[in-house]
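Visitor: Let me begin by handing over the structure; questions about it come next.
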């Protein structure tokens with residue numbers, strides 16, 4: 001944790017969920033009580049088909065709803081894509097860009113991720129920029145070099161502590177059950193903080209840095225207690241209210 005930064009716990013449902021899945025969202029909102037609201041901010045990034053309905057379920061609860069990707073243009077001939085403005089029009093307040101699954105499955109480069117992040121800011125969305133190294137890069141000792149390259153190439157110039165969040169997700173830890181050591185996470189987040197502070201000044205020093213990659217209720221307290229870890233980007237464990245709230249509950253002891 002970073003002093004004076006309110007943590008954010010964000011869930012990424014990925015390509016999962018139907019309308020009946022919003023029962024889980026209802027359970028999350030019910031568990032996000034006043035005490036928890038004082039400790040942490042909460043966000044769930046859902047498939048585009050659910051954003052509008054989810055925003056209505058979450059209305060008045062302070063649980064924020066977001067999208068998982070956006071096109072860098074506001075509109076146009078881009079079949080199958082969704083713009084930041086469309087996410088906002090559906091009731092979303094945030095968007096994830098640059099997730100490793102987008103970088104890998106869709107060949108998204110740093111410049112594409114930066115354009116999408118700029119679109120998120122244009123649409124007045126809190127924009128979560130994801131970075132992280134592969135297993136091969138980690139074994140080659142290239143982790144910090146990769147993080148620097150992705151930060152330098154993916155972050156918009158207009159990034160502030162209020163409109164951008166950075167999520168460190170080691171690609172090899174996503175959905176595998178593998179988790180970096182405390183020292184590895186500490187090193188990565190300290191490096192990110194140094195890089196962002198050098199570039200963005202006080203905004204970089206206050207920007208929320210999330211850890212993602214097999215975060216579960218059982219390891220959340222240890223991971224969230226690491227210096228410069230200001231919350232979590234949660235994948236599979238965000239699909240079940242009990243698991244997601246269990247991760248959020250780690251802050252009962254930390255805050």
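The values are calculated or read from the model by the stated rules, or taken from the named source; none is laboratory data. These numbers come from a predicted model, not from an experiment. Every residue, glycine among them, receives a Cβ derived from its backbone with ideal geometry; neighbour counts consider all protein chains shown.
Visitor: With the checklist (1) at pLDDT 95 or above; (2) buried (at least 16 other Cβ atoms within 10 Å of the Cβ); (3) assigned to a helix (DSSP H, G or I) in hand, flag the one item residue 172 doesn't pass.
Guide: All conditions pass for residue 172, except number (1).
Visitor: May I ask you to list the residues in segment 226-243 that are over 28 Å from residue 190 (Cβ atoms) and either without any contact (Cβ under 8 Å) to a residue 60 or more places away in the chain or not in a loop (DSSP other than H, G, I, E, B) (or both)?
Guide: 241, 242, 243
Visitor: Is it the case that some residue within segment 198-211 is in a helix (DSSP H, G or I), touching a helix residue (DSSP H, G or I) at 6+ places or on another chain (Cβ under 6 Å) and within 23 Å of residue 94 (Cβ to Cβ)?
Guide: Yes - at least one qualifying residue is present in segment 198-211.
Visitor: Determine whether residue 165 is in contact with a strand residue (DSSP E or B) (Cβ under 6 Å, 6 or more places away or on another chain) and not in a helix (DSSP H, G or I).
Guide: Yes; evaluated as a whole, the condition is true for this residue.
Visitor: Also, I was wondering about something else. Residues that are under 23 Å from residue 5 (Cα atoms) and crowded, with 21+ Cβ neighbours inside 10 Å: does segment 175-185 have at least one?
Guide: Yes.
Visitor: So residue 87 ticks every box in (1) surrounded by fewer than 23 Cβ atoms within 10 Å (Cβ to Cβ); (2) farther than 23 Å from residue 31 by Cβ; (3) in contact with a strand residue (DSSP E or B) (Cβ under 6 Å, 6 or more places away or on another chain) but one. Which box is left unticked?
Guide: (1)
Visitor: Looking at segment 95-105, which of its residues are within 24 Å of residue 55 (Cβ to Cβ) and either buried (at least 23 other Cβ atoms within 10 Å of the Cβ) or free of Cβ contacts under 8 Å to residues at least 24 places away in the same chain (or both)?
Guide: 95, 96, 97, 98, 99 - these are the residues of segment 95-105 that are within 24 Å of residue 55 (Cβ to Cβ) and either buried (at least 23 other Cβ atoms within 10 Å of the Cβ) or free of Cβ contacts under 8 Å to residues at least 24 places away in the same chain (or both).
Visitor: Inside segment 106-147, can you point out the residues that are surrounded by fewer than 17 Cβ atoms within 10 Å (Cβ to Cβ), assigned to a helix (DSSP H, G or I) and either modelled with pLDDT under 95 or within 18 Å of the chain's Cα centre (by Cα) (or both)?
Guide: 135, 136, 139
Visitor: Being under 13 Å from residue 212 (Cα atoms) and in contact with a helix residue (DSSP H, G or I) (Cβ under 8 Å, 6 or more places away or on another chain) narrows it down to one of 100, 83, so name that one. Before the answer, list the steps.
Guide: Values: 83 fails: under 13 Å from residue 212 (Cα atoms).
The match here is 100.
Visitor: Assess whether residue 88 counts as being within 30 Å of residue 36 (Cα to Cα), in a helix (DSSP H, G or I) and touching a helix residue (DSSP H, G or I) at 6+ places or on another chain (Cβ under 6 Å).
Guide: no
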